[in-house]
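Undergrad: This structure is in C-alpha cells; I'll ask about it shortly.
The values are calculated or read from the model by the stated rules, or taken from the named source; none is laboratory data. This one's a predicted model, so the numbers in the text were calculated from it and none came from an experiment. Positions of Cβ are generated from backbone atoms using ideal geometry, with glycine treated the same way; all protein chains shown enter the neighbour counts. What goes into the accessible areas is simple: the full protein's heavy atoms, side chains included, and nothing from ligands, DNA or RNA. Shrake-Rupley method; radii C 1.70, N 1.55, O 1.52, S 1.80 Å.
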Amino acid sequence: MKIIKIFKETISDGFGFRYSIYFSGCTHYCEGCHNHETWKGDIGRALDKEYMDEIVEEINSNYMLDGITLSGGDPFFNPEELLEFLKEIKVRTHKNIWSYTGYTFETLLEDPTMRECLDYIDVLVDGKFQKADYDPDLYFRGSSNQRIIDIKESLENDQIITLEF
Ligand code: SF4
C-alpha cells in the first residue's frame, strides 16, 4: 500500500479541518480523471510501520484537526490493506474518517472485506467521477452522481442517508 501525498491541513476534502491521505492505485479509469498517474499503484511511499507512526504523530499533535480523509487513487484499491490501516488509525487517533471511492456504496456492501472497512469510516463519498455530471459548484465532490453518505445512519436504517452541503 503506497501513499502518494498527504495534506496535513485542508478544508477541501470534507467537513472541517482535515488531514488528507492520498493512496496510490485505482481501477476505475474515469474519463476526465485528474489523477491518472496514480492508477497503477506503483508510485508513492510504502506505508510501513515507521511511516504509520509518523502519520499518527502528526494527526495526534494537531489539535485543530476535525478528522481524516482518505482519497487517491482509490483507497479501496487494496481492501485487505485498507482494512488493517483503518483499524490502526481509528484506534490510535479516534478521529472521524471520510473516504472517497470510485465504487458505489452498494458495491462495497457486496464484498466482505470492503464491507468491514465501512465499520471504520464515518462518511463515504462514492461513485466514479462522471465528466457529463461535473459541477464546479458542488462541495466535496466532482460530479453530481457522487453521494456524500452517512455510513452509520445508512447501515442502521438499511437505506442510504446522504449529507447535504
Ligand atoms: S476514481 Fe478517482 S482516481 Fe480513480 S479514475 Fe476515477 S477520478 Fe480518477
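Undergrad: Suppose we filter region 138-148 for residues that are open to solvent by 40 Å² or more (accessible area, probe 1.4 Å) and closer than 20 Å to residue 29 by Cα; how many remain?
TA: Selection size over region 138-148: 4.
Undergrad: Tell me, which residue of region 21-39 that is in a loop (DSSP other than H, G, I, E, B) and more than 8 Å from the ligand (Cβ to nearest atom) is modelled with the lowest pLDDT?
TA: From region 21-39, those in a loop (DSSP other than H, G, I, E, B) are 24-35, 39; that's our starting set.
Narrowing the set further to residues that are more than 8 Å from the ligand (Cβ to nearest atom) leaves 24-25, 31.
Values: 24: 97, 25: 97, 31: 93.
Checked region 21-39; the qualifying residue modelled with the lowest pLDDT is 31.
Undergrad: So, one more: Within region 78-91, identify whether any single residue is farther than 14 Å from residue 21 by Cα, without any contact (Cβ under 8 Å) to a residue 12 or more places away in the chain and open to solvent by 30 Å² or more (accessible area, probe 1.4 Å), and answer yes or no.
TA: yes
Undergrad: I would also like to ask the following. Condition first: farther than 17 Å from residue 22 by Cα, among the hydroxyl-bearing types (Ser, Thr, Tyr), open to solvent by less than 40 Å² (accessible area, probe 1.4 Å) and within 16 Å of the ligand (Cβ to nearest atom). Can you find one or more residues in region 149-163 that meet it? Break it down stepwise before answering.
TA: Taking region 149-163 first, the residues farther than 17 Å from residue 22 by Cα are 149-163.
Next, only the ones that are among the hydroxyl-bearing types (Ser, Thr, Tyr) stay: 154, 162.
With open to solvent by less than 40 Å² (accessible area, probe 1.4 Å) added as a condition, the list becomes 154.
From the residues that got through so far, the ones that are within 16 Å of the ligand (Cβ to nearest atom) too are none.
The answer is no, given that none of the residues of region 149-163 is farther than 17 Å from residue 22 by Cα, among the hydroxyl-bearing types (Ser, Thr, Tyr), open to solvent by less than 40 Å² (accessible area, probe 1.4 Å) and within 16 Å of the ligand (Cβ to nearest atom).
Undergrad: Using the structure shown, decide if residue 96 is more than 11 Å from the ligand (Cβ to nearest atom) and either in contact with a strand residue (DSSP E or B) (Cβ under 7 Å, 6 or more places away or on another chain) or at pLDDT below 95 (or both). Outline the logic, then answer.
TA: Numbers: more than 11 Å from the ligand (Cβ to nearest atom): yes; either in contact with a strand residue (DSSP E or B) (Cβ under 7 Å, 6 or more places away or on another chain) or at pLDDT below 95 (or both): yes.
For residue 96, the condition - more than 11 Å from the ligand (Cβ to nearest atom) and either in contact with a strand residue (DSSP E or B) (Cβ under 7 Å, 6 or more places away or on another chain) or at pLDDT below 95 (or both) - is met.
Undergrad: Suppose we filter region 54-77 for residues that are open to solvent by less than 20 Å² (accessible area, probe 1.4 Å) and either more than 16 Å from the ligand (Cβ to nearest atom) or within 18 Å of residue 116 (Cβ to Cβ) (or both); how many remain?
TA: Applying the first criterion (open to solvent by less than 20 Å² (accessible area, probe 1.4 Å)) to region 54-77 yields 55-56, 59, 65, 67-72, 74-76.
Subsequent filtering for residues that are either more than 16 Å from the ligand (Cβ to nearest atom) or within 18 Å of residue 116 (Cβ to Cβ) (or both) retains 55-56, 59, 65, 67-68, 70, 74-76.
The total comes to 10.
Undergrad: Is at least one residue of region 45-53 surrounded by 12 or more Cβ atoms within 10 Å (Cβ to Cβ) and not in a helix (DSSP H, G or I)? Write out each step before concluding.
TA: From region 45-53, those surrounded by 12 or more Cβ atoms within 10 Å (Cβ to Cβ) are 45, 47, 51-52; that's our starting set.
Narrowing the set further to residues that are not in a helix (DSSP H, G or I) leaves 45, 47.
Within region 45-53, one or more residues are surrounded by 12 or more Cβ atoms within 10 Å (Cβ to Cβ) and not in a helix (DSSP H, G or I).
Undergrad: May I ask you to list the residues in region 92-121 that are open to solvent by 60 Å² or more (accessible area, probe 1.4 Å) and assigned to a strand (DSSP E or B)?
TA: Scanning region 92-121 gives no hits.
Undergrad: Quick check on region 122-137: of everything there that is within 14 Å of the ligand (Cβ to nearest atom) and not in a strand (DSSP E or B), which residue is least open to solvent (accessible area, probe 1.4 Å)?
TA: Narrowing region 122-137 to residues within 14 Å of the ligand (Cβ to nearest atom): 124-134.
Subset that is not in a strand (DSSP E or B): 127-133.
Values: 127: 8, 128: 86, 129: 49, 130: 81, 131: 117, 132: 101, 133: 51 Å².
Taking the candidates together, the pick is 127.
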